[in-house]
Amino acid sequence: MPSLLLLLILIQAWPVKPQAGTNVFILAGQSNMAGRGGVVNDTATGVTTWDGVVPAQCATNPSILRLNAQLSWVEAREPLHEDIDSKKTNGVGPGMAFANSVLEKHPGFGLVGLVPCAIGGTNISEWERGKELYSHMIKRAKASLKGGATLRAFLWFQGETDTLNLHDAQSYHTRLHKFFLDLRLDLHSPLLPIIQVALASGQGPYIEIVRQAQLSIDLLNLRTVDAYGSPLQPDGLHLSTQAQVHLGQMMANAYLEFVPSSTLNHNVSPIRDDAPIRLSNFAFLLCTVPLFTTFITLMYLTHL
């Protein structure tokens, strides 16, 4: 029996070689993205444990992979952030429900590659370009694209810590806007779809200021999913397991707004590195069409 258990553990952690065309999604933010669904705090001992309950919507799927802490692809399973947000107790987050929902609605979508990057208790200032969390996220994102994978979207759930003091809350909009622009620049994806979550809770009194900052971000290819009113754990801060499932499904629906109904696997969204080329081609057409029109007019006048 012990040998069988060891074999199962090894199989779960065995590196998987992703196929070219793997659809990559980055998961970043703080604890509610990392997942605390099912995490219980023993008030007597102060020890937090995960109840181990995995809803059917978060079940493993051979078409869903996860980039682990060693930058290897393995079969994805809960808790997705176990070796990333390693100083905390992780449970169910929105990632697996998101991936399973995308595959359920688009069976021919192909492999989904999830890249966990969230760290609990982090302030938006810690995600600034050049800071450790940001650099680590970019490193993992670029590593995930080796072998022909394609970055499809960025999933972001953060801000609870920024509700603690007024300065952080009031500067959140500016910081978040710059963060999204820096992210797209460093990943060479100017039109990268971004799915962000508006807060359901916060650690401080300025929740509404941060929420309004999130809801007022105006960028092309950005969708905001509102988690307000979602069921919370007894701590009043973290989403429950079922709330995480529902959130993941809402994020999947938001992402699928970018996917043409006639498209299953390719050209899901205009976020490849050739996006700047397409934009330059458009600019070229803007310049050449007037010249062509002038040429036709001159030819016509010459023959009058």
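The values are calculated or read from the model by the stated rules, or taken from the named source; none is laboratory data. Since we're looking at a predicted model, the values are computed, not measured. Ideal geometry is used to build each Cβ from the backbone, glycine not excepted, and the neighbour counts take in all protein chains shown.
Side notes on the structure shown:
- Residues considered: Arg211, Arg184. Of these, the only one that is more than 21 Å from Arg66 (Cα to Cα) and touching a strand residue (DSSP E or B) at 6+ places or on another chain (Cβ under 6 Å) is Arg211.
- When Asp218, Asp182 are checked against the criterion of being more than 18 Å from Gly120 (Cα to Cα) and assigned to a loop (DSSP other than H, G, I, E, B), Asp218 stands alone in meeting it.
- Taking first residues from the stretch 240-267 that are of a type in the set (Ser, Thr, Tyr) and partners that are part of a helix (DSSP H, G or I) and modelled with pLDDT of 95 or more, the Cβ contacts under 9 Å between residues at least 6 apart in sequence or on separate chains come to Thr241/Cys58; Tyr255/Phe98; Tyr255/Val102.
- In the stretch 120-179, residue surrounded by the fewest Cβ atoms within 10 Å (Cβ to Cβ) [restricted to those that are of a type in the set (Ser, Thr, Tyr) and touching a helix residue (DSSP H, G or I) at 6+ places or on another chain (Cβ under 7 Å)]: Ser125
- Among residues of the stretch 90-132, those that are in a loop (DSSP other than H, G, I, E, B) and either of a type in the set (S, T, N, Q) or over 16 Å from His238 (Cα atoms) (or both), counted: 14
- The condition (being of a type in the set (Asp, Glu) and touching a residue at least 24 places away in the same chain (Cβ under 8 Å)) is satisfied by just one residue among Asp182, Asp218: Asp182.
- For Ala243, the test of being within 27 Å of Val47 (Cα to Cα) and at pLDDT 95 or above is passed.
- Some residue of the stretch 38-52 being under 14 Å from the mean Cα position of the chain (by Cα), at pLDDT 95 or above and over 17 Å from Met251 (Cα atoms): no
- Selection from the stretch 36-86 of residues that are out of contact with any strand residue (DSSP E or B) (no Cβ under 8 Å at 6 or more places or on another chain) and without any contact (Cβ under 8 Å) to a residue 24 or more places away in the chain: Thr43, Ala44, Thr45, Gly46, Gly52, Ala56, Ala69, Gln70, Glu82, Asp83, Ser86
- Within the stretch 88-146, being closer than 22 Å to Ser171 by Cβ, without any contact (Cβ under 8 Å) to a residue 60 or more places away in the chain and either touching a Gly at 6+ places or on another chain (Cβ under 8 Å) or not assigned by TED's automatic domain parsing to the domain that holds Ala56 (or both) holds for one residue alone: Ile124.
Yes/no per residue for (1) under 19 Å from the mean Cα position of the chain (by Cα); (2) surrounded by fewer than 16 Cβ atoms within 10 Å (Cβ to Cβ):
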{"residue": "Leu185", "(1), (2)": "yes, yes"}
{"residue": "Gln196", "(1), (2)": "yes, no"}
{"residue": "Leu215", "(1), (2)": "yes, yes"}
{"residue": "Gly236", "(1), (2)": "no, yes"}
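- Subset of the stretch 53-89 (residues that are of a type in the set (Gly, Ala, Ser) and either within 16 Å of the chain's Cα centre (by Cα) or in a strand (DSSP E or B) (or both)): Ala76
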